[in-house]
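A.B. asks: First the structure, then my questions, so here it is.
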Amino acid sequence: MSLNFISFLNLSKNLGAMASQSRRDLLHEIIFEADTPTGKLFDVVLLLLIILSVFVVMLESVNNFPLKVYDYFHVLEWAFTIIFTIEYILRLYAVRKPMKYALSFFGVIDLLAILPTYISLFLAGSHYLLIIRALRLLRVFRVFKLGQYLNAGNVIMASLKASRSKISVFLFFILLSVMIIGALMYLVEGGTNEGFSSIPKSIYWAIVTLTTVGFGDITPQTGLGQFLSAAVMILGYAVIAVPTGIVSAEFIRGDSGHKMLQNNTQSCRYCGKEGHDDDATYCKYCGEKLDAD
């Protein structure tokens, strides 16, 4: 009798675990994938809520509304935050390795999208940082299967990564150049021009001039200073052209051999990675089984 009761308890426990696992798998399919009607509906509603929440944050910074309107904005802000908080918790529950998702790019963005509202309880004005929710709109490329745009984005990122060593050397050269130019302008203009009161302020002028921004808040007055300023302005065009050429060369090289992304939005329950082939059974990143048993 007691053995039958223990067997019944074990069976109930196993059935409960299977039901719980089935709920997690279903929840994962709805939240993380957009190939099913419910999954796509969830993502579309989520994107609309994100757009509305960002719109509310922007309107809240306008000072022309009646005071009562700001009370409505405050209520809406908390409503959106609570919804996104519940969604974030469900995302952590739906994946096999919650910490891996929490430390991923979208996991960090999802957390940052809700933190400012809670921080505003202790630090006034921090809720305006909720504008970071706009980054969550990057999911629109996955939801509507705009794989070609994601492919173009990956080519740009790969080009920047491939050219980082050349750009680093170039930026180091620019850093040395503005330091030398700033020091020279301090020697030329420092005694007669209040704008060039120190080498750091002269370096600031050199950066503004070399990048062709030209704020005009500090200008040379002597003939030699103006001549040097004109030379720096001309040099500024080379500053723009060199890194553009470096990245463009890598972009052309990477674009010719880059593989087009699949429209499959299936997400691995263990590592969270996407981009699997339509007939894939196992994750190509971590090797775990994609479909639930």
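The values are calculated or read from the model by the stated rules, or taken from the named source; none is laboratory data. Please read these numbers as outputs of a predicted model, since none were measured by experiment. Please note: Cβ atoms are built from the backbone with ideal geometry, for glycine as well, and neighbour counts cover all protein chains shown.
A.B. asks: Which of the residues spanning the stretch 66-88 are of a type in the set (Ser, Thr, Tyr) and at pLDDT 90 or above? Spell out how you get there, then give the answer.
C.D. replies: Within the stretch 66-88, the subset of a type in the set (Ser, Thr, Tyr) is 70, 72, 81, 85, 88.
72, 81, 85, 88, listed by residue number.
A.B. asks: Would you call residue 206 over 35 Å from the mean Cα position of the chain (by Cα), in the same structural domain as residue 180 (by TED's automatic domain parsing), under 30 Å from residue 163 (Cβ atoms) and at pLDDT 90 or above? Walk me through it before giving the result.
C.D. replies: Working: over 35 Å from the mean Cα position of the chain (by Cα): no; in the same structural domain as residue 180 (by TED's automatic domain parsing): yes; under 30 Å from residue 163 (Cβ atoms): yes; at pLDDT 90 or above: yes.
Judged against the criteria, residue 206 is not a match.
A.B. asks: Across the stretch 218-275, which residue is modelled with the highest pLDDT among those that are among the hydrophobic types (A, V, I, L, M, F, W, C) and not in a helix (DSSP H, G or I)? Spell out the reasoning first.
C.D. replies: Just the residues of the stretch 218-275 that are among the hydrophobic types (A, V, I, L, M, F, W, C), to begin with: 218, 224, 227-228, 230-235, 238-242, 246-247, 249, 251-252, 260-261, 268, 271.
Next cut, not in a helix (DSSP H, G or I) only: 218, 260-261, 268, 271.
On the way: 218: 87, 260: 49, 261: 48, 268: 76, 271: 73.
Here the residue is 218.
A.B. asks: Continuing with this model, one more query. Could you list all residues from the stretch 41-81 that are over 18 Å from residue 124 (Cβ atoms), in contact (Cβ under 8 Å) with a residue 24 or more places away in the chain and of a type in the set (Val, Ile, Thr)?
C.D. replies: 44, 50, 51, 54
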